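Beneath this line is the structure, given in structure tokens, with notes to follow.
The values are calculated or read from the model by the stated rules, or taken from the named source; none is laboratory data. These figures come from a predicted structure and were not determined experimentally. For neighbour counting, all protein chains shown are included, and Cβ atoms are generated from backbone atoms with ideal geometry for every residue, glycine included.
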Ligand code: ASP
């Protein structure tokens, strides 16, 4: 399905008519600083405050009325589950108010795709929620954060962003939280939606969507944010892999395992036997792929029905883990019911 919505921002309207956007800062490279402007790798993430980030982009004042909040100041490699709870609860509270029209979240790039998908499934509003980030610290030559922030606010302030689930505005593209992944360790164009492509684009105040997310999200999601996070871990399949990690996880009482299989989610026979044993001990196993694009076919590379495995479809292992945690927290543990969840979201 293709839709098209394009317009200029309401910059000519009076300030009072501008949308009210809450900007929640969590840290990351967008708030990073290095001693030297030529340094784009050796810096400290999450040290620049939200007020300073906004002050660096005067054009924001003609796009929206902003309400900044410093939720955290972390390098997103260290993202913690209680912070996810805090963030999602705060967004739900803000969006329930008539005084807030949308939310922008500044985040590190490392785990942005995980946070975005978590919010996509637990935010109870159709108002725009847009994450953005940067590959270069705020102190760098050609820092990408300021324009990404302006574009994220532009998207969040735009009527066409409503009802699209959680979005990621990065390097002029608008991605769905479900599809987006970080695909470069250093390039400014670090986020892609493999196979499916971006939802649209934002440039110079114009916003255009060219497709919609068809899978359930936000208001149509059965999942709610809570304080309980069932322990779910990820293991990978590779040449010569042993069953040591899976056995240790099961012994440690893990509640679920996602396997990052090779190819179409295929699993080395040693690892597969360990996972079959895990299922027999009541630990759900979700089969994803380490490849980076495409999807895992149920009963394709492994006989899921016979082995008791759940297929992750197009979700990468990290997003599959998010969905498995939410499903387990909601009391879904049976393989058939979990498969339905993975086929729905
Ligand atoms: N380590 C940083 C973070 O995820 C990387 C970044 O933001 O680009 O917070």
Legend entry - Selection within the range 59-84 - touching a strand residue (DSSP E or B) at 6+ places or on another chain (Cβ under 9 Å) and over 28 Å from residue 226 (Cα atoms): 60, 63, 64, 65
Legend entry - Qualifying positions in the range 59-80 - more than 16 Å from the ligand (Cβ to nearest atom) and assigned to a helix (DSSP H, G or I): 59, 60, 61, 62
Inset, instruction - State which residue is surrounded by the most Cβ atoms within 10 Å (Cβ to Cβ) when the search covers only the range 12-33 and only residues that are modelled with pLDDT of 95 or more and assigned to a loop (DSSP other than H, G, I, E, B). - result: 28
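Looking at the range 171-210, which of its residues are in a loop (DSSP other than H, G, I, E, B), farther than 27 Å from residue 61 by Cβ and either in contact with a helix residue (DSSP H, G or I) (Cβ under 9 Å, 6 or more places away or on another chain) or more than 16 Å from the ligand (Cβ to nearest atom) (or both)?
177, 178, 179, 180, 193, 194, 195, 196, 197, 198, 210
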Inset, instruction - Look at the range 75-94 and say how many of its residues are buried (at least 18 other Cβ atoms within 10 Å of the Cβ) and over 18 Å from residue 117 (Cβ atoms). - result: 2
Legend entry - Test for residue 120: is it in contact (Cβ under 8 Å) with a residue 40 or more places away in the chain, within 20 Å of residue 225 (Cα to Cα), crowded, with 22+ Cβ neighbours inside 10 Å and within 11 Å of the ligand (Cβ to nearest atom): no
Inset, instruction - For residues that are within 16 Å of residue 322 (Cβ to Cβ) and assigned to a loop (DSSP other than H, G, I, E, B), tally how many sit in the range 109-133. - result: 3
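Considering only the range 15-58, how many residues are in contact with a strand residue (DSSP E or B) (Cβ under 9 Å, 6 or more places away or on another chain) and within 16 Å of the ligand (Cβ to nearest atom)?
The number of residues fulfilling the criteria is 19.
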Legend entry - Single residue of the range 95-117 satisfying the filter (buried (at least 24 other Cβ atoms within 10 Å of the Cβ) and away from the ligand (no atom under 15 Å from the Cβ)) that is nearest to residue 181 (Cα to Cα): 117
Legend entry - Single residue of 291, 283 found to be within 29 Å of the chain's Cα centre (by Cα) and either without any contact (Cβ under 8 Å) to a residue 12 or more places away in the chain or under 21 Å from residue 336 (Cβ atoms) (or both): 283
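I need the full set of residues from the range 286-301 which are crowded, with 24+ Cβ neighbours inside 10 Å and touching a helix residue (DSSP H, G or I) at 6+ places or on another chain (Cβ under 7 Å), in order please.
Residues satisfying the conditions are 286, 287, 288.
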Legend entry - Lone qualifier among 327, 278, 260 - being under 22 Å from the mean Cα position of the chain (by Cα), part of a helix (DSSP H, G or I), buried (at least 17 other Cβ atoms within 10 Å of the Cβ) and at pLDDT 95 or above: 327
Inset, instruction - Say whether the condition of being more than 30 Å from residue 93 (Cα to Cα) and part of a loop (DSSP other than H, G, I, E, B) is met by at least one residue in the range 218-234. - result: no
Inset, instruction - For the range 158-170, indicate whether the set of residues that are away from the ligand (no atom under 16 Å from the Cβ), surrounded by 22 or more Cβ atoms within 10 Å (Cβ to Cβ), touching a residue at least 60 places away in the same chain (Cβ under 8 Å) and more than 15 Å from the chain's Cα centre (by Cα) is non-empty. - result: yes
